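Okay, so here's the structure we're looking at.
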2 protein chains.
Amino acid sequence: MRIPIECDGPVPLYRQIQTFLQEQIQSGALLPETRLPATRDLAASLGLSRITVTNAYAELEAEGLVYTRRGSGTFVAPPLPDLPPSEEERSAPADWPLWQQQLLTHSWRSVQGDLDRMTASVSRPDAISFWGGIGDSEMFPADEFRKTLQAVLRRDGSECLGYGDRCGYPPLRATIAHILTSQGVPTHPDQVLITSGSQQALALVAWLLLRPGDVVMVESPTYSCAIDLFRSLDVRLLGVPVDEQGMRVEQAEDCMRSNRPRLIYTIPTFQNPTGTCMSGRRRRQLIALADRYNVPILEDDFLGDLRYEGCAQPALKALAPAGRVIYVSTFSKMLMPGLRVGFLVAEGPVYERLLACKRVSDLATCSLTQRALEAYITVGRYQAHLRRTCQVYRGRRDAMLAALDRHMPAGAGWQSPRGGLFLWLQLPAALSVSQLLPLAAEEGVTFAPGSIFYPCECAQEYVRLNFSMHPPDVIEEGVRRLGRAVERCLASEEGEVTVPRPRAVVV
Amino acid sequence: MRIPIECDGPVPLYRQIQTFLQEQIQSGALLPETRLPATRDLAASLGLSRITVTNAYAELEAEGLVYTRRGSGTFVAPPLPDLPPSEEERSAPADWPLWQQQLLTHSWRSVQGDLDRMTASVSRPDAISFWGGIGDSEMFPADEFRKTLQAVLRRDGSECLGYGDRCGYPPLRATIAHILTSQGVPTHPDQVLITSGSQQALALVAWLLLRPGDVVMVESPTYSCAIDLFRSLDVRLLGVPVDEQGMRVEQAEDCMRSNRPRLIYTIPTFQNPTGTCMSGRRRRQLIALADRYNVPILEDDFLGDLRYEGCAQPALKALAPAGRVIYVSTFSKMLMPGLRVGFLVAEGPVYERLLACKRVSDLATCSLTQRALEAYITVGRYQAHLRRTCQVYRGRRDAMLAALDRHMPAGAGWQSPRGGLFLWLQLPAALSVSQLLPLAAEEGVTFAPGSIFYPCECAQEYVRLNFSMHPPDVIEEGVRRLGRAVERCLASEEGEVTVPRPRAVVV
């Protein structure tokens, strides 16, 4: 394979290889299932080091353009099933100015956006969704919140409608500091920065600390919108595997020694998507490692309060010396995602830098919703709502576990999460989630394919199920449909003929 | 001067020089008013091209660390007056991990943040502020908006509290498309992306299109938070001067030919801070230039609706072929800044990329406020509010013009803006805004120093006054105080003794 390489240009060598292959794949010059040259051979033929080629292949794999079969090499990936053309693909590229056409090949493409389109294209009107990342909207306290908003607007008038304090509404920061302190994370209000949801808190940290080419260490699998965020900044992701005790920290050390990451991103409690909690021992190891290699830790505690059993574990923030950990959380999962109120806790010079990033990002977070949220929490409604929610979601988790027991064929595996929203289902061996997805859509059930949560490799054997969104009877029906789709998938794997069954109706 | 340079490292040469000098200045090794070597001499002694050294000096000037005196060279700037120590300076740096200490020297520092602290430190409790960038909060329709919120929450219930459509609430996008189309910018709802204020729209475009080292062409002076945004991304700014007809487009062509900018950022209508409008001829020239050099235009129309006289001019977006201009606007200035609802209009592949950036930035904009805003506009309240606001602000502009006539000494200059919020005041020759600021604070009036709006050079002779924030009698008193401060400043320039006068009381 002849790849034109410019050795003294501004573009890194691995990126030149990646771009060339990407264009070949996207133009169709390299067909699906084509085997790429072995990294050793390509490196030799280009006169480059093997690691350069390996990096280029890893980027392509992260983009979903190639996949690796252990022992047989790297292959061009098949296109996503049934993906309808996007707006930009429907219009003739020649209509757009050159700088827009260049975006098509030279900028990052959101996996999330592609999947949204795909799901929309396959779903039936009566489909049961286990897909989303939030709780049940029926549980949102809309009426209570309406009354709180009224009271706040009457009390504060037009003051609610200005920019307010750029760090966030001071009484809300004080309330958050109080809650965190009572949970074992001693926090001063001056260390709290209110953000537009926890996603913005992650984005501020990424924008401040990362530059193209930097390396970020993450759990593998991890939160898909964090993967998208990091990839939008042209950083390289290193995934550390997760087991029942959370991130396998002993593997993290090798990774840190050889790759010198600029940031560690972790979800230690009710990890997304696996639902696991990092053990106390590993929490301490990770902090010690980060200190030794001088790497900041970004701790995402997006639903730490949604615990259904077991004791609360200390946050990394509580275990680490001052200034090591940037802690991020939100009210989206526990209360209402649409409010877009999250926060981060940081101390030291990084706080003021993050505030400056917040200002250039959107000046300030909506003052009215901050005030309403503060009022809602202060009168004790939040705590009552949280208790109610935990009780309901615990019941739904148990309903899903029971339904899985009933409807999943042998070979599927899962564990009971102690909190959160998600259950991580392993498909029977030899089944792939990209085969299952269209069959499940036919049966009338959707879920998040596990592959979108992997930062580097493209694991096909997992499914993330959100158990919080429906009452137990709907969960039962949804899991029944899923079980049927898995069985049909197994049957077609074994060469049997698949007979479409009559469609089920939601009970 | 011996500067250690690593010629084949990853850090650009100009950046190495900049960092070295910055550390010397911040550590005190280079004292204020020290003359730096001439660019030609330093380049020769380092064996580099002169443009490399010029770029390093330009960055230092943009940081406010050095200033240029025409004909005499480049000098280390004096420290900002009376700047109280920030949180990070008060705490011992050795307490923080190394990566945090590195932030102090190696990351961008917000001019805005420094100035906020300075203003807070000098202002009197009875000070009259002409500083802000928003309208009068007394004009915000808090009560009407409260009723609208109620109605929307009763109507939509918990639907208001989810993420909603990631592009924005569809009826609001339709309403915006309708308004823009009626104003001569034909817009389809699918081209509208709702953002958290127009600042976020600017940020999304910057994050998508710019990478460190890229060049952005802007008006000089321009909106200070856009300068901060671009500088946070390590891009180089090129300022094109502004006159009464807006950006001097004939100078822009030279700039584009030699510097190949990646983006043109412009505020063609009621420019911030000068209040000028770009002429129709220049609008067309700029579009033709952008097309010739294949550069996207980011058009910031943050208060195009606040016009007090003259005919509306067509937006660049309306004049340019499809896909050339990304148009940004907001409801913050006309209605309520705290809502944080703005929008951008774009078509072609860039729309989907910007949506992906929006998702990684904060997932979605608050659904409840979008719905309330849509309801507020649809029942015609917005248009009525806008008419009322224009009438009041026109009167305030006239009051400030009359007060300036009465209280400004000879040599000061200003023009009457035809709309917007700002008046751009030129100080009498030889006066500098950094001298004026503490005296004005003593007299009890604050304003935005013109220097913060300059992307490269550090012009000292301008002041931005917001005329919309107070009723006419307070404007009169504020301008009287300002006139007194200017006269004291002139007197001290001429060597006279400054006698503090008794403090005035707000009428």
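The values are calculated or read from the model by the stated rules, or taken from the named source; none is laboratory data. Keep in mind that this is a model prediction, so the values were computed, not measured. No Cβ is skipped: glycine too gets one built from the backbone with ideal geometry, and neighbour counts run over all protein chains shown.
Tell me which of these B:G348 doesn't satisfy, since it passes every other one: (1) surrounded by fewer than 23 Cβ atoms within 10 Å (Cβ to Cβ); (2) without any contact (Cβ under 8 Å) to a residue 60 or more places away in the chain; (3) within 14 Å of chain A (Cβ to nearest Cβ); (4) more than 25 Å from B:F270 (Cα to Cα).
(1)
Okay, residues lined up against (1) within 14 Å of another protein chain (Cβ to nearest Cβ); (2) at pLDDT below 95:
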| position | (1), (2) |
| --- | --- |
| B:V185 | no, yes |
| B:V192 | yes, no |
| B:V205 | yes, no |
| B:G213 | yes, yes |
| B:S220 | no, no |
| B:D234 | yes, yes |
| B:E253 | no, yes |
| B:R260 | yes, yes |
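Are there any pairs, at least 6 apart or on different chains, whose C-beta atoms fall under 6 Å, with the first in the range A:120-143 and on the phi > 0 side of the Ramachandran plot and in a loop (DSSP other than H, G, I, E, B) and the second modelled with pLDDT of 85 or more and crowded, with 18+ Cβ neighbours inside 10 Å, and if so, which?
none
Can you name the number of the only condition in (1) surrounded by 22 or more Cβ atoms within 10 Å (Cβ to Cβ); (2) part of a helix (DSSP H, G or I) that A:R464 fails?
(2)
Pick from B:T105, B:T119: which is modelled with pLDDT under 70 and either facing chain A (nearest Cβ under 10 Å) or surrounded by fewer than 19 Cβ atoms within 10 Å (Cβ to Cβ) (or both)?
From the options B:T105, B:T119, the qualifying one is B:T119.
Is it the case that some residue within the range B:145-155 is hydrophobic (A, V, I, L, M, F, W, C), in contact with a Phe, Trp or Tyr (Cβ under 7 Å, 6 or more places away or on another chain), crowded, with 23+ Cβ neighbours inside 10 Å and at the interface with chain A (Cβ under 10 Å from one of its Cβ atoms)?
Yes, there is a match, as at least one residue in the range B:145-155 is hydrophobic (A, V, I, L, M, F, W, C), in contact with a Phe, Trp or Tyr (Cβ under 7 Å, 6 or more places away or on another chain), crowded, with 23+ Cβ neighbours inside 10 Å and at the interface with chain A (Cβ under 10 Å from one of its Cβ atoms).
Taking the options A:Q313, A:Q271, name whichever one is among the polar types (S, T, N, Q), in a loop (DSSP other than H, G, I, E, B) and crowded, with 24+ Cβ neighbours inside 10 Å.
Within the list A:Q313, A:Q271, the selection yields A:Q271.
Among the residues in the range B:20-38, are any in a helix (DSSP H, G or I), among the hydroxyl-bearing types (S, T, Y) and modelled with pLDDT of 85 or more?
no
Counting just the residues of the range A:359-388 that are within 14 Å of another protein chain (Cβ to nearest Cβ) and more than 22 Å from B:L368 (Cα to Cα), which one comes out surrounded by the fewest Cβ atoms within 10 Å (Cβ to Cβ)?
This residue is A:R359.
May I ask you to list the residues in the range A:1-14 that are more than 18 Å from A:G213 (Cβ to Cβ) and surrounded by 10 or more Cβ atoms within 10 Å (Cβ to Cβ)?
A:M1, A:I3
Among (1) assigned by TED's automatic domain parsing to the domain that holds A:D301; (2) over 16 Å from A:T330 (Cα atoms), where does A:A177 come up short?
(2)
Yes or no: the range B:283-302 includes at least one residue that is more than 9 Å from chain A (Cβ to nearest Cβ) and either at pLDDT below 90 or in contact with a Gly (Cβ under 6 Å, 6 or more places away or on another chain) (or both).
The answer is yes; a qualifying residue exists.
Which condition does A:Q435 not pass, out of (1) part of a helix (DSSP H, G or I); (2) under 18 Å from the mean Cα position of the chain (by Cα); (3) of a type outside the set (A, V, I, L, M), if it passes all the others?
Only one criterion is unmet by A:Q435, namely (2).
Could you look through the range B:15-66, keep only residues that are touching a strand residue (DSSP E or B) at 6+ places or on another chain (Cβ under 6 Å) and buried (at least 16 other Cβ atoms within 10 Å of the Cβ), and pick out the one that is farthest from B:T105 (Cα to Cα)?
Per the stated criteria, the residue is B:L36.
Considering only the range A:400-408, I want to know if a residue exists there that is within 24 Å of the chain's Cα centre (by Cα), more than 12 Å from every other protein chain (Cβ to nearest Cβ) and modelled with pLDDT under 90.
no
Among A:V341, A:V392, which is the only one that is under 26 Å from the mean Cα position of the chain (by Cα), over 28 Å from B:Q101 (Cα atoms) and in the same structural domain as A:S416 (by TED's automatic domain parsing)?
A:V392 is the lone residue from the list that is under 26 Å from the mean Cα position of the chain (by Cα), over 28 Å from B:Q101 (Cα atoms) and in the same structural domain as A:S416 (by TED's automatic domain parsing).
Only residues that are over 20 Å from A:E443 (Cβ atoms) and crowded, with 20+ Cβ neighbours inside 10 Å: list them for the range A:392-414, please.
Residues satisfying the conditions are A:Y393, A:R396, A:R397.
Just to be sure, is B:V205 outside any strand (DSSP E or B), farther than 29 Å from B:V379 by Cα and either touching a Ser or Thr at 6+ places or on another chain (Cβ under 6 Å) or assigned by TED's automatic domain parsing to the domain that holds B:V295 (or both)?
yes
Would you be able to tell me the number of residues in the range B:163-173 that are surrounded by fewer than 17 Cβ atoms within 10 Å (Cβ to Cβ) and either within 11 Å of chain A (Cβ to nearest Cβ) or among the aromatic types (F, W, Y) (or both)?
Adding up the residues that qualify gives 1.
When the range B:274-288 is examined, which residues are found to be farther than 17 Å from B:P455 by Cβ and assigned to a loop (DSSP other than H, G, I, E, B)?
B:G275, B:C277, B:M278, B:S279
Considering every residue within the range A:56-63, establish whether at least one is within 20 Å of A:E457 (Cβ to Cβ), in a loop (DSSP other than H, G, I, E, B) and at pLDDT below 80.
Yes, some residue in the range A:56-63 is within 20 Å of A:E457 (Cβ to Cβ), in a loop (DSSP other than H, G, I, E, B) and at pLDDT below 80.
How many residues does the range B:317-341 hold that are aliphatic (A, V, I, L, M) and more than 14 Å from chain A (Cβ to nearest Cβ)?
Adding up the residues that qualify gives 2.
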